[in-house]
Amino acid sequence: MAESAKVAKFGGVCVSRSDMYDRIAKLLDEDRTRRFVVVSAVAGTTDSLVTAIAKPRAEKEIDLYVAELKRVHLKLLRTAHTDRDEGTEAIETLCTKLARLLYGISYTEEITPRVRDFALSFGERLAAQVVATNLRDRGIGAVPFEADQIGLITDDNYGNATVLLDETKAQLAPFLRRQASENLVSVITGFFGQSSEGKTATFGRGGSDYSAVVVAAALGLPLIEIWKDVDGFMSADPQIVPSAFPLAALSYDEAAELSYFGAKVLHPRAVPPARASGVSISVKNIYRPSESGTRIGPDTIDKTGDLKSVSYVRDLTTIKVFTAGGGGKEGLLSQAATALAVAQVNVYSAATSQTCIAFVIESDSVGRAKKALSRLPIGIVERIEVAPHASLICFVGEGLGYAKGVAARVLRAVADRGVNVQMISAGASMVAYHFTVDTKDLERAVQAVHGEFFGLQSASSARSVEATA
């Protein structure tokens, strides 16, 4: 296998329309080092599977759902080509297996984490068949593979599994190298692998980015491309800030912070294995493949202290735990944090005072959070208050933690727009600060921060500045 081989990952939007396969095939044909393709499910498929297993269904309802799922995927194949029969048969076989699984869930009226993961994996399984069939029809020797069948090994944390890289290197890498030596393009399912128990284990929603990085790391490849329908990371959400511009480069830490705090360009779990293995990530737009996109890697660190981007998470909730002399209650913060973790409540930010601990959490987990916190030992919690409609804003740049006056500029810019800052966090990361505001003020706050540091420069002029920097 050539050392210059790379992994190309295509997201759900990229595999959801028939005309996209001409673009994908052209990319693979123009660069024969793209030997390993990782795919997400067709857009909307995983959501529909989540809904399908949410409650027991009648057999007729299951049949109608699976028939529609099959129709959507078969429609993505050309009406007449040499590989349609093979692709059709594979899709029909998968749909039959899915229907039987849904029947079983309906009959037993229960679902375990292992069964849930297996059910949710069918989106990527179907997508891999569609992608490989379409590529073969366009003259590319592509073969679909299901990750849990070829040695992508994970732990047993179903729903949020972690890849066991040493085991994966030993099993997955030799298999894929053999495929590449035969000049075949391996089309690999993202999102899941095989647990040490031999069962399907998923990486959480959006986990196909993580899959792609792991494949590259296991093979010892230097580069992975993430193909999407956007130009990579931006200086802000262009729907809020029309003058936002693409970013040519980010450090691993910058990309991780932006991804975690709302920039839906790269899954945050993709960054740690990339950093550990020295894999560079290139995020590119499938509609504009000649554009450079955003490169993330070991040689893209710029510690000037300049702000690079502003991201946000909308519609969160602040939950406050009050207790008399709270700051003096030994272990209160750890007990509260542990209780929330056990209840599977994701905490975006936390702040403490002498009488209160505040957690910023997702709004749909407030019920679980209140229940978990109310079970803390008697005498610790005086009362719990819930403040909805909070949004978190994060501003990122290597070296921000060392730069003087950055936080002051941000807070002044936000205040000048009449926006009140509810909570602020600094110091935990040297590349990011974040604060919360009322959701009704979110857009004004993002515009204020972006305007303070970038003004109203156009996207084209900003891009040229990035290119010449």
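Points worth noting:
- Of residues in the stretch 16-57 being of a type in the set (D, E, K, R) and either open to solvent by less than 10 Å² (accessible area, probe 1.4 Å) or assigned to a helix (DSSP H, G or I) (or both), the one nearest to I111 (Cα to Cα): D47
- Within the stretch 270-293, tally of residues that are open to solvent by 20 Å² or more (accessible area, probe 1.4 Å), touching a Phe, Trp or Tyr at 6+ places or on another chain (Cβ under 9 Å) and not basic (K, R): 3
- Top-ranked residue in the stretch 438-457 [being closer than 15 Å to A236 by Cβ and either aliphatic (A, V, I, L, M) or outside any helix (DSSP H, G or I) (or both); ranked as most open to solvent (accessible area, probe 1.4 Å)]: L456
- Long-range neighbours under 6 Å by Cβ, at least six apart or interchain, first residue closer than 25 Å to Y252 by Cβ within the stretch 426-439, second assigned to a strand (DSSP E or B) and of a type outside the set (A, V, I, L, M, F, W, C): A426/Y433; H434/S425
- Lone unmet requirement of (1) crowded, with 19+ Cβ neighbours inside 10 Å; (2) over 25 Å from the mean Cα position of the chain (by Cα) for L392: (2)
- The stretch 165-206: number of residues that are not in a strand (DSSP E or B) and not basic (K, R): 25
- No other residue among I380, I393 is over 30 Å from A256 (Cβ atoms) and either free of Cβ contacts under 8 Å to residues at least 60 places away in the same chain or not in a loop (DSSP other than H, G, I, E, B) (or both) apart from I380.
- Within the stretch 275-285, the set of residues being assigned to a loop (DSSP other than H, G, I, E, B) and within 18 Å of the chain's Cα centre (by Cα) comprises just one member, V279.
- With respect to the conditions (1) open to solvent by 20 Å² or more (accessible area, probe 1.4 Å); (2) of a type in the set (A, V, I, L, M); (3) modelled with pLDDT of 95 or more, V230 falls short on a single one, namely (3).
- Lone unmet requirement of (1) farther than 17 Å from D148 by Cβ; (2) crowded, with 23+ Cβ neighbours inside 10 Å for S243: (2)
- Selection status of K228, out of contact with any strand residue (DSSP E or B) (no Cβ under 8 Å at 6 or more places or on another chain) and either closer than 21 Å to G297 by Cβ or not acidic (D, E) (or both): no
- Among the residues of the stretch 356-382, the one identified as out of contact with any Ser or Thr (no Cβ under 7 Å at 6 or more places or on another chain) and farther than 18 Å from T338 by Cα is D364.
- Taken together, the residues in the stretch 345-373 that are closer than 13 Å to F322 by Cα, in contact with a helix residue (DSSP H, G or I) (Cβ under 9 Å, 6 or more places away or on another chain) and open to solvent by 80 Å² or more (accessible area, probe 1.4 Å) amount to 2.
- For the stretch 411-434, filtered to residues that are in contact with a helix residue (DSSP H, G or I) (Cβ under 6 Å, 6 or more places away or on another chain) and either over 24 Å from G399 (Cα atoms) or assigned to a helix (DSSP H, G or I) (or both), the residue that is most open to solvent (accessible area, probe 1.4 Å) is R417.
- Residue pairs meeting the criteria (Cβ under 9 Å; at least 6 apart or on separate chains; first under 19 Å from L126 (Cβ atoms), in the stretch 15-28; second in a helix (DSSP H, G or I) and open to solvent by 70 Å² or more (accessible area, probe 1.4 Å)): S18/K75
- Checked against (1) open to solvent by less than 10 Å² (accessible area, probe 1.4 Å); (2) modelled with pLDDT of 95 or more; (3) under 16 Å from the mean Cα position of the chain (by Cα), S235 passes all but a single condition, namely (3).
- Any chance D209 is farther than 16 Å from R35 by Cβ, out of contact with any strand residue (DSSP E or B) (no Cβ under 7 Å at 6 or more places or on another chain), in a helix (DSSP H, G or I) and charged (D, E, K, R): no
- Between V345, V360, the distinction of being within 27 Å of the chain's Cα centre (by Cα), assigned to a loop (DSSP other than H, G, I, E, B) and not acidic (D, E) belongs to V345 only.
- Hey, I319 closer than 30 Å to I380 by Cα and either surrounded by 18 or more Cβ atoms within 10 Å (Cβ to Cβ) or without any contact (Cβ under 8 Å) to a residue 12 or more places away in the chain (or both) or not: yes
- Qualifying helices (runs of 4 or more DSSP H) (wholly inside the stretch 58-164; at least 1 residues being open to solvent by 80 Å² or more (accessible area, probe 1.4 Å)): 59-75, 84-108, 113-120
- Taking first residues from the stretch 238-264 that are farther than 17 Å from H450 by Cβ and of a type outside the set (A, V, I, L, M, F, W, C) and partners that are open to solvent by 20 Å² or more (accessible area, probe 1.4 Å) and not in a loop (DSSP other than H, G, I, E, B), the Cβ contacts under 6 Å between residues at least 6 apart in sequence or on separate chains come to Y252/R275; S259/P268; Y260/P268.
The values are calculated or read from the model by the stated rules, or taken from the named source; none is laboratory data. Keep in mind that this is a model prediction, so the values were computed, not measured. All Cβ positions, even for glycine, are placed from backbone atoms using ideal geometry, and neighbour counts span all protein chains on display. Only protein heavy atoms, including side chains, enter the accessible area calculation; ligands, DNA and RNA are left aside. Shrake-Rupley method; radii C 1.70, N 1.55, O 1.52, S 1.80 Å.
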